[in-house]
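Input: a single structure, listed below in structure tokens.
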Amino acid sequence: MASVLIVDDAEFMLMTIQRMLEANGHSVAGLAVNGIEAIKMYPEVKPDVVILDITMPQMNGIDTLKRLKVLDPEVRIIICSAIGLQDKIAEAISCGAEEFIVKPFEQEVLLGAIEKVMRK
């Protein structure tokens, strides 16, 4: 099972993802509401996977992804984004995100993405 850092500015999404993960045996290493918090938290919690929203205040997901990759080139990142941001998703993948899921998503999609990146 994976230890996961969830980064999203919507408290509802943080709680929803946390519930889905914990109900399926994964642990939540931390919750961050923006990229700045995630970057500060990452070295402390050392998660197996980061679930990262693209659109956030203070520091967006793409910039956060780039900074996390500098901190840890092996970081496994799943981008979580709303429909209509395909160009941002493509940019995130080119910057090193391993997987992406589109909001709203079903639990099986989230769990499948985690399983996929954990095999890498």
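The values are calculated or read from the model by the stated rules, or taken from the named source; none is laboratory data. Please read all numbers here as calculations on a predicted model, not as lab measurements. Every residue, glycine as well, gets a Cβ built from its backbone with ideal geometry; the counts of neighbours run over all protein chains shown. Accessible surface is based on the protein model in full, side chains and every heavy atom, while ligands, DNA and RNA are left aside. Shrake-Rupley method; radii C 1.70, N 1.55, O 1.52, S 1.80 Å.
A Cβ-based charge dipole, computed about the Cα centre of the chain with Lys and Arg at +1 and Asp and Glu at -1, lands at about 240 debye. A helix-only calculation puts the chain at -14000 deg cm²/dmol for mean residue ellipticity at 222 nm, using -39500 (n - 2.57) for each DSSP H run of at least four residues, averaged over all residues. If R0 is taken as 30 Å, the Cβ-Cβ distance between D72 and M1 corresponds to a FRET efficiency of 0.90. Are any of the pairs K40/K103; K66/K120; K40/K116 more than 22 Å apart by Cα-Cα distance, and if so, which? Too far apart for the 22 Å limit: K40/K103; K40/K116. Note that the chain presents 50 Å² accessible area per residue, ligands and nucleic acids not counted, probe 1.4 Å.
Over all directions, how big on average is the projection of the convex hull of the alpha-carbon atoms in the chain, in square nanometres?
6.3
Given a Förster distance of 22 Å, report the FRET efficiency between V109 and R19 from their Cβ-Cβ distance, rounded to the nearest 0.05.
Working: r = 15 Å, r/R0 = 0.67.
The calculated FRET efficiency here is 0.90.
Given axes a ≥ b ≥ c from the Cα gyration tensor, I'd like to know whether region 12-83 is rounded (a/c under 1.5), prolate (a/b larger than b/c) or oblate. Since a/c reaches 1.5 but b/c is at least a/b, the shape of region 12-83 is classed as oblate.
Order 21-28, 67-74 from most to least packed using the mean count of other Cβ atoms within 10 Å. Before the final figure, lay out each step's value.
Working: 21-28: 15.1, 67-74: 12.6.
With the highest mean Cβ count within 10 Å placed first, the list reads 21-28, 67-74.
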